[in-house]
Amino acid sequence: MSSDLLALLLSRIQFAFTVSFHIIFPAFTIGLAAWLAFLEALSLATGRPVYRRLFDFWLRIFAVAFGLGVVSGIVMAFEFGTNWSELSRRTGPVQGPLLLYETFTAFALEASFFGVLLFARARVPRWFYLFACVMVALGTTLSAFWIMINNSWMQAPTGTHLAADGTFVPDDWTAIIFSPVVWVRFPHMLFAAYVTTAFCVAATGAWYILQSRDRAEARTMMRMGLWIAAVMVPVQLLFGHLNGEYVVHRQPSKMAAIEARWHDEKPASEVLLAWPDVANRRNLFAITLPAPFGSLIDSDSLSAGEVGLDSIPPENWPPVVIPFFAFRIMVGCGLVMLFLAWVGSWLALDDRLETRRWLLWATFLSFPLGFIATLTGWFTAEVGRQPWAVYGVLRTAQATTPFLTPRDVALTLVVFGAIYALIFAAGILYIYRLLRQGPLPTLAQVPGTNPKRPLAAGGPDSPDTIALGSTHS
C-alpha cells in the first residue's frame with residue numbers, strides 16, 4: 001500500500017473513531033432534552049412530585065452527556081482542518097454557512113438557556129423555567145437539523161455548481177435546505193434520538209423495579225419510556241423506509257451494496273442474510289426471499305427493476321460487507337425495540353408489566369439497542385457513500401490534506417484514542433454512579449431548604465443536603 005493510500009485509510013479510521021464516539025451523545029441528549037421539557041410540563045400541569053424528582057434526576061445525567069458531546073464534537077472540527085483540508089476548501093462555501101447557522105441558532109439557544117436549567121430554577125417563574133427547557137430542546141433539535149442538511153448535501157448534492165478552482169458555489173440555498181433528502185433523513189435521525197432516550201429511560205425503570213427501589217419513579221419511567229417508544233418506533237421505521245427510497249434513486253451503488261445485489265434484477269429478490277463474497281461476486285449461505293420482494297421493499301413496486309453492482313464500475317463500488325451487515329443490525333435492533341415497546345405497553349394497560357420478570361430483564365438489557373441502531377445506521381449511510389466524499393462529484397481520496405503522512409495520522413489517532421478512553425471512561429462511570437444513586441428528594445422535602453437561596457446553607461449543595469443525597473437509595 002502506498003503512503004498516500006495508507007494516510008487516507010488512517011484518516012478515515014480516525015474520523016470514523018471520533019465521529020462514532022461523538023454520535024452516541026447527541027443521540028442521547030437530543031431525546032433527553034425533549035424528555036426533560038415533557039417532564040417539566042407534566043410537573044407544572046399536575047403538581048405531582050414524581051415528575052419533579054425525575055426531572056432533577058435526568059437533568060444531572062443530561063449535563064454530563066451534553067458536556068461529553070460538546071467535547072467530542074470540537075475534535076471533529078479540528079480534523080476537518082488537519083486531515084480533510086481539501087474537503088474544507090472545496091465545500092467551505094456550502095458547509096461553512098450551514099455550520100454558522102448551527103452556531104447562531106442551536107448553540108445560542110443551548111448556551112443561553114442551559115444555565116437557567118442548572119442554576120436558576122428558584123430564581124425565575126415556573127413558566128419561564130419550562131420555556132427554558134423547551135428552548136434547550138429546540139436548540140438540540142436545531143443542531144441536528146443543520147448537521148443533517150450538511151450531511152444530506154454531501155449524500156445528494158443539489159443547489160450548487162463547481163467553480164473553475166473545484167470549489168462548490170451555492171446557487172440556491174432553498175434547494176439545499178429544503179432538499180427532499182433532508183426531510184426524510186432529519187426526521188429519521190430525530191426519531192432515532194427519541195427512541196434511544198425512551199429505551200434508556202425504560203431500562204432504568206426496569207432496573208429499579210428489579211432492585212425493588214424507587215417504585216414510583218421506576219414505574220413512571222418504564223411505562224412512559226415504553227409508551228413513547230411504542231409510538232416512535234413505527235414512525236422511525238417509516239422514515240427509514242423513505243430513506244431507502246432516496247437511496248434507490250440517488251445512490252444506486254449504496255443500495256446494491258446494502259442488498260448485496262450483484263446483477264440487475266426485474267423484479268428483484270431480497271437477501272435476508274448471507275455472507276457477501278466480493279471477490280467472486282456472489283453471496284454465500286444466502287437466505288433469500290424470491291422476487292418480487294426485493295422490488296416491493298426497495299421501490300414499493302411488484303415489477304420494478306433494481307440495479308446490481310455489475311452495472312456499476314468497480315472503482316465506484318462501496319465496501320459491500322459493512323453496509324450489508326450494518327443495515328441488518330440496524331433493522332434487527334428496530335424490530336426488537338418495537339416488540340418490547342408494544343408488548344410492554346399492552347401489559348401496562350392492566351398493571352401486569354411489573355409482574356413479568358422476563359420483560360423487565362429484556363427491557364433493562366435493551367438500553368444499548370438505540371445506540372447500536374444509530375451507529376449502524378450511520379455506518380450504512382457513510383460507508384455506503386464511498387468512494388465519494390460528495391456523492392458522484394468529489395472522491396474521498398481527493399478530499400484529504402495534501403502531503404499528509406501516515407506517521408502524522410497514526411500519531412494523532414493514538415493520542416485521540418488515549419484521550420477519548422480516559423475522558424469518556426470517566427464520564428460514563430460518573431453517569432453510572434448517578435444512575436446507581438437514583439432520584440433524590442426534591443427541595444421541598446429537604447429539611448432546612450430555602451428555595452429562594454438554593455446555594456445557601458440548607459440548599460441542595462450544602463453539606464446536610466449532600467449527605468442526605470448520598471444515603472438515598
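Separation of the stretch 273-341 and the stretch 87-110 by C-alpha centroid, Å? If you average the Cα positions of each part, the centres end up 34 Å apart.
Taking only the C-alpha atoms of the stretch 327-427, the Rg (one decimal) and the largest Cα-Cα distance, Dmax (whole number), read 21.2, 66 Å. Placing a pseudo-label 7 Å from each Cα along the Cα-to-Cβ vector at ILE13 and LEU284 gives an inter-label distance of 2.4 nm. Can you give the translational diffusion coefficient of the stretch 41-84 in µm²/s, computed by Stokes-Einstein from the Kirkwood radius over Cα pairs at 10 °C and 1.306 mPa s? Estimated diffusion coefficient is 124 µm²/s.
Note on the stretch 147-250: with neighbouring protein chains present and a 1.4 Å probe, carbon and sulfur make up 66 percent of its accessible heavy-atom surface.
Assuming charge only on the beta carbon of Lys and Arg (+1) and of Asp and Glu (-1), the dipole of the chain about its Cα centre is about 1580 debye to the nearest 20. Each of ILE61, VAL50, PHE25 was scored by the projection of its Cα onto the charge dipole of the stretch 1-64, and the greatest displacement toward the positive side belongs to VAL50; charges sit on the C-beta of Lys, Arg, Asp and Glu.
Mind putting a number on the dipole of the stretch 134-219 about its Cα centre? Charges go on the C-beta only, +1 for Lys and Arg and -1 for Asp and Glu, and I need it in Debye to the nearest 20. Can you show the working numbers first?
Working: 4 positive and 5 negative charges, 113 e Å.
Dipole of the stretch 134-219, to the nearest 20 debye: 540 debye.
Sorting 18-31, 281-294, 243-256 by average packing, meaning the other beta carbons within 10 Å per residue, from highest down gives 18-31, 243-256, 281-294. Amide H to amide H distances under 5 Å link ALA389 with LEU394, ARG395, THR396, where only residues 5 or more positions off or on other chains count and H is placed in the peptide plane. Once Rg and the Kirkwood radius are both taken over the C-alpha atoms of the stretch 264-374, their ratio Rg/Rh works out to 1.13. With viscosity 1.567 mPa s and temperature 4 °C, the Kirkwood radius over alpha carbon pairs of the stretch 134-173 converts through Stokes-Einstein to a diffusion coefficient of 110 µm²/s.
Taking Cα atoms only, the orientation of helix 321-348 departs from the longest principal axis of the chain by about 30 degrees.
In the chain, a dipole from Cβ-located charges (positive for Lys and Arg, negative for Asp and Glu) runs towards its positive end, and of ALA381, ALA132, SER253 it is ALA132 whose Cα lies farthest in that direction. Across all C-alpha atoms in the stretch 297-337, the radius of gyration and Dmax reach 13.6, 38 Å. The average projected area of the stretch 85-133, computed from the convex hull of its Cα atoms over all directions, is 4.2 nm². Could you look at the stretch 1-124 and say what percent of its accessible area is carbon and sulfur, using a 1.4 Å probe and all protein chains? Taking all protein chains in place, the stretch 1-124 shows 74 percent carbon and sulfur surface. When you count the other C-beta atoms within 10 angstrom of each residue and take the mean per peptide, 167-180, 32-45, 421-434 line up highest first as 32-45, 167-180, 421-434.
Just add up the charged neighbours of THR160: K/R +1, D/E -1, any other residue whose Cβ is under 13 Å from the Cβ of THR160.
On the way: positive: ARG90; negative: ASP171, ASP172.
Combined, the nearby Lys, Arg, Asp and Glu give -1.
Converting phi to 3J(HN,Hα) with the Karplus coefficients 6.51, -1.76 and 1.60 and the offset θ = phi - 60°, the stretch 356-369 yields 9, 5, 5, 6, 4, 5, 5, 5, 4, 6, 7, 4, x, 4 Hz in sequence order, with x at every glycine or proline. In the chain, taking the dipole from charged Cβ atoms about the Cα centre, the farthest positive-side position among GLN236, LEU190, LEU435 is held by LEU435. With the gyration tensor restricted to C-alpha atoms of the chain, the semi-axes of the equivalent ellipsoid amount to 42, 28, 20 Å, longest first. Over the stretch 84-198, the ratio between the Cα radius of gyration and 2.2 N^0.38 Å evaluates to 1.30. Surface composition of the stretch 366-424: carbon plus sulfur atoms contribute 79% of the solvent-accessible area (1.4 Å probe, protein chains only, all chains present).
Pair-distance distribution of the stretch 1-155: all C-alpha pairs, bin width 5 Å, starting at 0; shares per bin in whole percent are 2, 8, 15, 19, 16, 12, 9, 7, 5, 3, 2, 1, 0, 0.
On a per residue basis, the convex hull of the C-alpha atoms belonging to the stretch 202-332 measures out at 131 Å³. Solvent-free Debye calculation, one equal scatterer per alpha-carbon of the stretch 146-241: log10 I(q)/I(0) at 0.17, 0.18, 0.21, 0.23 Å⁻¹ equals -0.77, -0.81, -0.94, -1.03.
Rounded to the nearest 10 degrees, the inclination of helix 3-46 to the longest alpha-carbon principal axis of the chain is 40 degrees. For the stretch 287-377, a simple Cβ point-charge model (Lys and Arg +1, Asp and Glu -1, everything else neutral) yields a dipole of about 440 debye relative to the Cα centre. Amide H neighbours of ARG282 under 5 Å, at least 5 residues apart or on other chains, H built in the peptide plane: list them. The list, which skips near neighbours in sequence, is ASP277.
Keeping all protein chains in place, calculate the accessible area per residue for the chain (probe 1.4 angstrom), answer in Å². Provide the component values of the computation, followed by the final result.
Details: 21210 Å² over 473 residues.
In whole numbers, the chain has 45 Å² accessible per residue.
Remark on LEU273: its backbone amide H falls under 5 Å from those of ILE287, a criterion applied only to residues 5 or more positions apart or on other chains, H modelled at 1.01 Å from N.
The values are calculated or read from the model by the stated rules, or taken from the named source; none is laboratory data. Owing to the predicted nature of the structure, the values given are computational and were not obtained by experimental measurement. Here Cβ is always computed from backbone atoms with ideal geometry, including for glycine, and neighbour counts include all displayed protein chains. With ligands, DNA and RNA removed, areas are computed over all heavy atoms of the protein, side chains included. Shrake-Rupley method; radii C 1.70, N 1.55, O 1.52, S 1.80 Å.
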